[in-house]
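Colleague: One structure follows; several queries about it will come next.
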Amino acid sequence: MAERVIPLIDQRVAARPAAVPAQPIAATGLLSDALGRPLRDLRISVTDRCNFRCSYCMPKEVFDKDYPYLPHADLLTFEEITRIAKQFVAHGVRKIRLTGGEPLLRKNIEILVEQLAALRTVDGEPLDLTLTTNGSLLARKAKALKAAGLQRVTVSLDGLDDNVFRSMNDVDFPVAEVLRGIEAARDAGLGPIKINMVVKRGTNEHEILPMARHFKGTGIVLRFIEYMDVGATNGWRMNEVMPSAEVVRHIGSELPLVQLDPSAPGETAERWGYADGGGEIGVISSVTQAFCGDCNRARLSTEGRLYLCLFATQGHDLRSLVRGSASDEQLASAIGHIWHGRDDRYSQLRSSLPPDAGSGARRVEMSYIGG
């Protein structure tokens, strides 16, 4: 039998060193990349593990019982994460999102939340501190997360039909438990809550209207995400993408919609409101309508690799600086140097590029650096 190649290992080994530049780059809160995009949003993966096996993210045939997850010693400690995050905040970050894998699997995650909640932006304001979860552990964790300083949560939920949901998570997890977690988050004051539904044509598009009906009028924002070509393990095909424009037309045929203005610069979701005032939905068109032009997000992997794009092939190793002799100023300068050189715009170029054009490497997996 031929040996199976697991692409994540290549990406972990192939990180670039994060060098401290000879000319220091001061953290002024005004950092911008090669295309003039500021640094405002940091997404931090706290674990590479998940208890779901969704086919579009961590398919069971790859992430099986023999899959070599990162050893605990390789993961950034909470103190290391907070130290790195502090330098990003000094460069202008205003929002931090904790992701995974499934972030609530990281033991004592509330301690990290408390440490990050103590950080302040360059204007002296609290961070927008949020977390994305599959909701499986949210019912038992919501109160503690809120008490630690988490402001809100985003829950991944790909359908309300229990059979569809169990099939998509591929571990037979019931949808009722996720809905219970969403209610617990609402009761704890973690809001506004957002729900992310990945729409995969031929799998769950019939759940679009039931989801819209269920969350309409609840104050919860439902967002529909185009099935993305992230990584190499999900077997992505364009014919499985349901364009956001089609999703909007489908919902609008029963529940009339009006387009709303963006909520903030760099926002990934296009906003639509119900014409009768019953709330809003969002669509994230990462395949059919690129939003690279104002992308202001950086991603930090669980073992300290800095990625400049969700579709990157290589990260920059910040852990070696943190565990070495680098001062905070040197760490901030290294981050500034990396961001200054950023010119990533994969989604804008997608249509003109063959898969992994010119890189000789696979793109990073979404399960590794979060969505």
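Each value in this text was obtained by applying a stated rule to the coordinates, not by laboratory testing. Nothing here was measured: the structure is a model prediction, and the numbers come from that model. Glycine also receives a Cβ, built like all others from the backbone with ideal geometry; neighbour counts cover every protein chain displayed.
Colleague: Please check the chain for the longest run free of GluC sites (Glu not before Pro) that are loop-located per DSSP (anything but H, G, I, E, B) and have at most 14 other Cβ atoms within 10 Å.
Modeller: Counting only loop sites that pass the neighbour cut-off, the longest clear stretch is 62-253.
Colleague: Can you pull the one-decimal nm distance between simple spin-label points at residue 340 and residue 80, each 7 Å off the Cα toward Cβ?
Modeller: 2.6 nm
Colleague: Tell me which trypsin sites (Lys or Arg not before Pro) from segment 88-179 have a DSSP coil assignment and no more than 11 other beta carbons within 10 Å of their own.
Modeller: Those satisfying the criteria are 107.
Colleague: Taking 0.36 nm per intervening residue step and subtracting the Cα-Cα distance, what contour gain separates residue 176 from residue 147 on full extension?
Modeller: Net length gain for the segment: 8.0 nm.
Colleague: What does the charge add up to near residue 284, with Lys and Arg as +1, Asp and Glu as -1, over the other residues with Cβ less than 12 Å from its Cβ?
Modeller: Details: positive: 194, 223, 271; negative: 226, 267, 270.
Counting the neighbours of residue 284, the net charge comes to 0.
Colleague: Could you work out the local net charge near residue 326, counting Lys and Arg as +1, Asp and Glu as -1, over the other residues with Cβ closer than 14 Å to its Cβ?
Modeller: After counting each charged neighbour, the total is 0.
Colleague: For residue 220, which sequence-distant residues (separation of 5 or more, or a different chain) have an amide H within less than 5 Å of its own amide H, given hydrogens modelled in the peptide plane?
Modeller: Amide H to amide H, under 5 Å and 5 or more residues apart or across chains, residue 220 pairs with nothing.
Colleague: Please say if segment 7-369 is rounded, prolate or oblate, where rounded means a/c under 1.5 for a ≥ b ≥ c the square roots of the C-alpha gyration tensor eigenvalues, and otherwise the choice is prolate for a/b larger than b/c and oblate otherwise?
Modeller: rounded
Colleague: Starting from the Cα of residue 254, step 7 Å along the direction of its Cβ; do the same at residue 60; then give the gap between the two resulting points in nm.
Modeller: Computed distance between label sites residue 254 and residue 60 equals 3.0 nm.
Colleague: Expressed as a rounded percentage, what relative contact order does the chain have, with Cα pairs under 8 Å and six or more residues apart?
Modeller: Reported relative contact order: 25 percent.
Colleague: What FRET efficiency comes out for the pair residue 263/residue 120, r = Cβ-Cβ distance, R0 = 25 Å, nearest 0.05?
Modeller: Working: r = 22 Å, r/R0 = 0.88.
E(calc), rounded to 0.05, equals 0.70.
Colleague: In addition: With a sphere of radius 11 Å drawn around the Cβ of residue 262, what net charge do the other residues whose Cβ falls strictly inside it have (Lys, Arg +1; Asp, Glu -1)?
Modeller: The answer is -3.
Colleague: Only counting other Cβ atoms within 10 Å, I'd like 227, 274, 368 sorted with the fewest neighbours first.
Modeller: Listed from fewest to most nearby Cβ atoms, that is 274, 227, 368.
Colleague: Based on the Cβ-Cβ distance from residue 239 to residue 163, what FRET efficiency comes out when R0 is 30 Å, to the nearest 0.05?
Modeller: 0.80
Colleague: Ordered by residue, what ³J(HN,Hα) values in Hz, to whole numbers, does segment 94-111 give under the Karplus form 6.51 cos²θ - 1.76 cosθ + 1.60, where θ = phi - 60° and Gly and Pro are x?
Modeller: Per-residue couplings from phi come out as 10, 10, 10, 10, 8, 9, x, x, 9, x, 6, 7, 6, 4, 6, 4, 4, 5 Hz.
Colleague: Please rank 98, 308, fewest neighbouring Cβ atoms within 10 Å first, as an exposure proxy. Before the final figure, lay out each step's value.
Modeller: Values: 98 27, 308 21.
Ordered from fewest to most neighbouring Cβ atoms within 10 Å, 98, 308 come out as 308, 98.
Colleague: Then there is this: Once fully extended, how much extra length lies between residue 323 and residue 275, figured as 0.36 nm per residue of separation less the alpha-carbon to alpha-carbon distance?
Modeller: Extra length from residue 323 to residue 275 when fully extended: 11.9 nm.
Colleague: Number of Lys pairs in the chain with C-alpha atoms less than 20 angstrom apart, excluding same-chain neighbours closer than eight positions?
Modeller: 11
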